[in-house]
1. Would you pick out the residues in region 21-47 that are surrounded by fewer than 19 Cβ atoms within 10 Å (Cβ to Cβ), farther than 19 Å from residue 1 by Cα and under 13 Å from the mean Cα position of the chain (by Cα)?
2. For residues that are touching a residue at least 12 places away in the same chain (Cβ under 8 Å) and over 12 Å from the mean Cα position of the chain (by Cα), tally how many sit in region 48-60.
3. Looking at region 86-105, which of its residues are in a loop (DSSP other than H, G, I, E, B) and within 18 Å of residue 29 (Cβ to Cβ)?
4. Could you figure out which of (1) more than 24 Å from residue 2 (Cα to Cα); (2) exposed (fewer than 12 other Cβ atoms within 10 Å of the Cβ); (3) touching a helix residue (DSSP H, G or I) at 6+ places or on another chain (Cβ under 8 Å) isn't true of residue 50?
5. Of all residues being at pLDDT below 95 and touching a helix residue (DSSP H, G or I) at 6+ places or on another chain (Cβ under 7 Å) in region 1-27, which is nearest to residue 95 (Cα to Cα)? Just the residue, please.
6. For residues that are over 12 Å from residue 41 (Cβ atoms) and within 16 Å of the chain's Cα centre (by Cα), scanning just region 74-91, find the one that is surrounded by the fewest Cβ atoms within 10 Å (Cβ to Cβ).
7. Please find, within region 50-85, the residue that is farthest from residue 11 (Cα to Cα) out of those that are in contact with a strand residue (DSSP E or B) (Cβ under 9 Å, 6 or more places away or on another chain) and assigned to a loop (DSSP other than H, G, I, E, B).
8. Among (1) in contact (Cβ under 8 Å) with a residue 60 or more places away in the chain; (2) surrounded by fewer than 16 Cβ atoms within 10 Å (Cβ to Cβ), where does residue 17 come up short?
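The values are calculated or read from the model by the stated rules, or taken from the named source; none is laboratory data. A quick note: this is a predicted structure, and the numbers were derived from the prediction, not measured. Cβ atoms come from the backbone with ideal geometry, glycine included; neighbour counts cover every protein chain shown.
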C-alpha cells in the first residue's frame, strides 16, 4: 500500500473525528499497487450512521481535514460512503472496495 505512516495516521484521526469510533476505512484502487506511481486516493468509509445529512456533512469535513494536512494537500481524494443502515445492498464500487481494498486499522 502506497501510504506513508503519517498519511495513515492523518486518515485514522480524521476518520475518528468526523465519523466516530464505529466507522471503518478501506483504501482501494491504484494506491494498493506498490509498483504504480502517482494516482489518486480511493477511500471508502463504512459507518453505522443512518442520518444522510450527517453523513454528507461528515464526508465534507473529512475531506477538508485531509486537504488541510500537508501530506494530502493538493491531492485528489475520492471518498465513497458505505452506510448499510441507509442502503443495505452495497453498490458495485462498495463491493469492489470491500472485496479488493485494504482496511486501514
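1. Answer for region 21-47, where residues must be surrounded by fewer than 19 Cβ atoms within 10 Å (Cβ to Cβ), farther than 19 Å from residue 1 by Cα and under 13 Å from the mean Cα position of the chain (by Cα): there is none.
2. 5
3. 90, 91, 101, listed by residue number.
4. Unmet condition: (3).
5. Within region 1-27, the match that is nearest to residue 95 (Cα to Cα) is 1.
6. 91
7. 84
8. Only one criterion is unmet by residue 17, namely (1).
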